[in-house]
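In what follows, a structure is listed as structure tokens, so that the remarks can point back to it.
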Amino acid sequence: MLLIKNGQLMDPASGMCGLCDVLVDGDRIAKIGMCGSLDDMATESMLLREDEAGNGLRDTQSEDTLVSIDAAGCIVAPGLVDGHVHFRDPGFTYKEDIESGAKAAAKGGFTSVVMMGNTDPHMDNTDTIKDVLERGAKTGINVYTCGNVTKNMAGKELVDMDELIGAGAVLFTDDGKPIVDEELMERACKEAARVGKVISLHEEDPSFITDNGINAGDVAEKLGLVGSPREAEISMVKRDIDIARKTGASITVQHISAAESVDLIRNAQKEGLSIHAEATPHHFTLTEDAVLKYGALAKMNPPLRLESDRQAIIGGLKDGTIEMIATDHAPHAREEKAKDLKAAPSGITGLETSLALGIRELVDKGYLSLMELLKAMTINPSRIYGIDAGSIREGGLADLVIFAPGEEWSFVQSASKSSNTPFLGERLPGKIIYTICRGKVVYKA
């Protein structure tokens, strides 16, 4: 049993906020009560277990003990949920694997993650999906996976969605590649609507792009590159909103980067369409100027754009147009990111810094309350993707993060296999003290 005492409980699912004790029994939350009110209940429960073990002696084979955590001065929140991570497993485990990715997630306060399917083999078949889920179940956190939309992510032939759902897929995406064929996208949306799953979309039309990962603009011009224009994203967001309107599908626009895309989604939501959006910490923190400072460590798809785009993304988070914060955790080996800017792969890691950047850039600057930030990182992705996570309630899973929002920490070493992030070496707020998944401590500062 685990007794968490004196913490400031914040549960965006219920709106509960206040000083509380939380008693965890096994993998579930047994009781939430006023500070100091659960000590006797915890003791009595342990005595009862000892009695049941026989003659008042605790079963030596049992792992039952009462562990107490003093969370005074800390926030006790639902374990964070990320609906968009790349663990590179199978096929590219020199960058990351399921175990190392889960360790990075736990260090960042995440207890639930959804893996993307640009692996080798892809998440387009039941054997691969079952394999990664079986291995994910051994990591200590809740590891979910997508199913691909098209076979081999080739954009030619749809997968059997029923089959992949049966294997455990929680959403569908070809993330890393846009679905260019409009007729195929429409059929995919009809299928997704039929099976009741979300399609999560990488919205970049390659026909617009000369050099990916860098915004087409002043910075690209300084570097002698053409870059990726905003129209690459905007055109596909507009097209897919129209398809969702026609088919009744529920879609997510991934890692939104352009102000016009935010407006398109806002208007679609006002129509009552089931259109969702996610923002990454790097897109609400940095602009294209970061490429001049960090080089390939600031290269990602879609690219960092202008300050006006960054502010539009923050505005979308503030008014609820953008419901989710997702890291798009994208590890690459050091030698890959050390290549020249045009040749280096796109993407940065993000699981260990996501909460900290949210606090620094959104909460401390007055754009969001801490409760609103947590909502975008817990219950919103859980509800959109149908995952049992993101809330604190009696009888619910004991997935929790305990953190000190005002305490700074130094990001000097990553738990990931890769460290391709411009934030390495920074002092950041929001120190994670404990991450607890299904009642077990999976990370301790």
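Things to note:
- One residue stands out in segment 16-38 among those that are in contact (Cβ under 8 Å) with a residue 60 or more places away in the chain and outside any strand (DSSP E or B): the one that is nearest to the chain's Cα centre (by Cα), namely Asp27.
- Number of residues in segment 297-311 that are of a type in the set (A, V, I, L, M) and either in a strand (DSSP E or B) or open to solvent by 10 Å² or more (accessible area, probe 1.4 Å) (or both): the value is 2.
- Residue that is nearest to Gly358 (Cα to Cα) [pool: residues in segment 249-282 that are open to solvent by less than 10 Å² (accessible area, probe 1.4 Å) and assigned to a loop (DSSP other than H, G, I, E, B)]: Thr280
- Every test in (1) closer than 14 Å to Asn142 by Cα; (2) in contact with a Phe, Trp or Tyr (Cβ under 8 Å, 6 or more places away or on another chain); (3) of a type in the set (A, V, I, L, M) is passed by Ala77 save one, and that test is (1).
- Residues that are within 23 Å of Glu134 (Cβ to Cβ) and either of a type outside the set (A, V, I, L, M, F, W, C) or within 18 Å of the chain's Cα centre (by Cα) (or both), drawn from segment 167-199: Gly168, Ala169, Val170, Leu171, Phe172, Thr173, Asp175, Lys197
- Meets criteria (at positive phi and open to solvent by 10 Å² or more (accessible area, probe 1.4 Å)) for Gly227: no
- Checking Ile392 against (1) β-branched (Val, Ile, Thr); (2) touching a helix residue (DSSP H, G or I) at 6+ places or on another chain (Cβ under 7 Å); (3) more than 25 Å from Ser200 (Cα to Cα), the condition it does not meet: (2)
- The set of residues in segment 405-439 that are among the small types (Gly, Ala, Ser), open to solvent by 10 Å² or more (accessible area, probe 1.4 Å) and over 30 Å from Leu341 (Cβ atoms) comprises Gly406, Gly439.
- Residue, farthest from Ala279 (Cα to Cα), within segment 329-339, restricted to residues that are open to solvent by less than 20 Å² (accessible area, probe 1.4 Å) and out of contact with any Leu (no Cβ under 8 Å at 6 or more places or on another chain): Ala333
- Here Gly176, Gly136 are screened, and the one residue that is within 30 Å of Thr435 (Cβ to Cβ) and either of a type in the set (Phe, Trp, Tyr) or modelled with pLDDT under 95 (or both) is Gly176.
- Checked against (1) in contact with a strand residue (DSSP E or B) (Cβ under 8 Å, 6 or more places away or on another chain); (2) crowded, with 20+ Cβ neighbours inside 10 Å; (3) farther than 17 Å from His283 by Cα, Asn215 passes all but a single condition, namely (3).
- Test result for Lys365, open to solvent by 30 Å² or more (accessible area, probe 1.4 Å) and in a helix (DSSP H, G or I): no
- Selected residue (criterion: farthest from Glu186 (Cα to Cα)) from residues of segment 201-248 that are among the basic types (Lys, Arg) and not in a loop (DSSP other than H, G, I, E, B): Lys222
The values are calculated or read from the model by the stated rules, or taken from the named source; none is laboratory data. Fair warning: this is a prediction, and the values are worked out from it, not measured in the lab. Cβ: placed from backbone, ideal geometry, glycine included. Neighbour counts: every protein chain shown. Heads up: the accessible areas ignore ligands, DNA and RNA and are worked out on the full protein's heavy atoms, side chains in. Shrake-Rupley method; radii C 1.70, N 1.55, O 1.52, S 1.80 Å.
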